[in-house]
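All remarks here apply to the structure that follows.
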Amino acid sequence: MTRFANRKRELDRFEQMLRGQVRERILLVEAPSGYGKTGLMGRFDEILCSQGIHPVLIDLKGAQAGIAFVFSRIQRVLGKKRFPNFNAHIHRFLNSGVEIQNNRLTGEGSQIQVILEVPPEERKYRLTQLQQVFFEDLERFDRPIAFILDTYNGATEELAGWIESPFLAEVALNPNLFAIVAGQIIPQPTIEWQNLHHRCKLDRIMEREAWYGYVKDVGFDCFRSQEEIDVLIDAVGGVPSQVVALLEGAARTRQQI
Ligand SMILES: Nc1ncnc2c1ncn2[C@@H]1O[C@H](COP(=O)(O)OP(=O)(O)OP(=O)(O)O)[C@@H](O)[C@H]1O
Ligand SMILES: [Mg+2]
């Protein structure tokens, strides 16, 4: 299991959501850099696997992560064969020949990218068609699916807008879908989400016990007293990445003595 200090409130909320104890199925996790969003997504991933829910983790940062990449990544994780209607649509577009402007693209989602390489109006039309069949294929899955979309702040403007709506609007429509979106910024709820979202803001971790537990889990046995750990927490005001850096630094220095 991933070693992680605290975040109990968010983990509890997440488990309630999976068990259907709360209505919401869209979880938004907002925090500055280094507060542990990506680490928390890793914990969510482990929980999903243990509960028989398909996790689909996607990091939205990076130039390649356009809409085509997201479709393709979801297909790769869940199995391309399970998207018969979507695949049939792709083939129909590709075989219609004349509309394809650029067939030199490579990389994940390149076929879909080629289909979308058309003027804006036509692109919009094709995208609407593709997403419709894509989500229809998703309806036929036997198990629930949870999309974990990390680093929302790193998505291109077009991708960020697409996630906000229609992607999350489609998630809201299907009771077997969950979405977790994490970022330094998060999408703005729209009416189409049907109020199925919950927003968490990760705080600094000032609780001493949380860090004592972390130190024990990681196996840093070089601290002679808890006060030594308190000093480090206070020095960086409980910013998780900085507390961890100080703890690791102290452990390294002491082991060399
Ligand atoms: N709750 C925590 N327990 C233990 N370590 C943590 C915790 N939160 C953060 N960290 C440490 O901080 C580092 C940075 O965390 P992480 O990458 O999850 O931050 P982030 O919020 O995703 O930042 P960014 O916005 O830059 O992506 C991690 O490598 C980890 O060592
Ligand atoms: Mg991150």
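Filtering region 208-234 to residues that are among the small types (Gly, Ala, Ser) and surrounded by fewer than 12 Cβ atoms within 10 Å (Cβ to Cβ) leaves Gly219, Ser225. Looking at region 235-253, which of its residues are farther than 17 Å from Glu209 by Cα, exposed (fewer than 14 other Cβ atoms within 10 Å of the Cβ) and more than 14 Å from ligand 1 (Cβ to nearest atom)? Residues satisfying the conditions are Arg252, Thr253.
Scanning region 166-183 for residues that are touching a helix residue (DSSP H, G or I) at 6+ places or on another chain (Cβ under 6 Å) and open to solvent by 40 Å² or more (accessible area, probe 1.4 Å) gives a single hit, Glu170. Across region 63-98, the qualifying residues are those that are out of contact with any helix residue (DSSP H, G or I) (no Cβ under 7 Å at 6 or more places or on another chain) and part of a loop (DSSP other than H, G, I, E, B), and the one among them that is modelled with the lowest pLDDT is Val98. Of all residues in region 16-39, those satisfying the criterion of being more than 16 Å from ligand 1 (Cβ to nearest atom) and either over 12 Å from Phe178 (Cα atoms) or of a type in the set (Gly, Ala, Ser) (or both) are Gln16, Gly20, Gln21, Val22.
Could you tell me whether Leu28 is touching a His at 6+ places or on another chain (Cβ under 7 Å), buried (at least 21 other Cβ atoms within 10 Å of the Cβ) and over 16 Å from Ile145 (Cβ atoms)? It is true that Leu28 is touching a His at 6+ places or on another chain (Cβ under 7 Å), buried (at least 21 other Cβ atoms within 10 Å of the Cβ) and over 16 Å from Ile145 (Cβ atoms).
Conditions tested, residue by residue: (1) assigned by TED's automatic domain parsing to the domain that holds Ser165; (2) away from ligand 2 (no atom under 16 Å from the Cβ); (3) in contact (Cβ under 8 Å) with a residue 60 or more places away in the chain.
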| site | (1), (2), (3) |
| --- | --- |
| Leu28 | yes, no, yes |
| Gly34 | yes, no, yes |
| Arg43 | yes, no, no |
| Ile47 | yes, yes, no |
| Gly52 | yes, yes, yes |
| Val56 | yes, yes, yes |
| Ile67 | yes, yes, yes |
| Ser72 | yes, yes, no |
| Gln75 | yes, yes, no |
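Within region 129-168, work out how many residues are within 20 Å of Ile112 (Cβ to Cβ) and without any contact (Cβ under 8 Å) to a residue 24 or more places away in the chain. Qualifying residue count for the region: 3. Taken over region 139-179, the criterion of being among the hydrophobic types (A, V, I, L, M, F, W, C) and outside any strand (DSSP E or B) is satisfied by Phe141, Ala155, Leu159, Ala160, Trp162, Ile163, Phe167, Leu168, Ala169, Val171, Ala172, Leu173.
Per-residue answers, yes or no, for (1) away from ligand 1 (no atom under 16 Å from the Cβ); (2) open to solvent by less than 50 Å² (accessible area, probe 1.4 Å); (3) over 26 Å from Phe71 (Cβ atoms):
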{"site": "Asp150", "(1), (2), (3)": "no, yes, no"}
{"site": "Ile185", "(1), (2), (3)": "no, no, no"}
{"site": "Ile191", "(1), (2), (3)": "yes, no, no"}
{"site": "Lys201", "(1), (2), (3)": "no, no, yes"}
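Can you give me the number of residues within region 209-245 that are under 16 Å from Arg3 (Cα atoms) and of a type outside the set (S, T, N, Q)? Within region 209-245, residues that are under 16 Å from Arg3 (Cα atoms) and of a type outside the set (S, T, N, Q) number 17.
The values are calculated or read from the model by the stated rules, or taken from the named source; none is laboratory data. None of the values given here were measured: they were computed from a predicted structure. Positions of Cβ are generated from backbone atoms using ideal geometry, with glycine treated the same way; all protein chains shown enter the neighbour counts. Quick note on the areas: whole protein, heavy atoms, side chains included, nothing else; ligands and nucleic acids left out. Shrake-Rupley method; radii C 1.70, N 1.55, O 1.52, S 1.80 Å.
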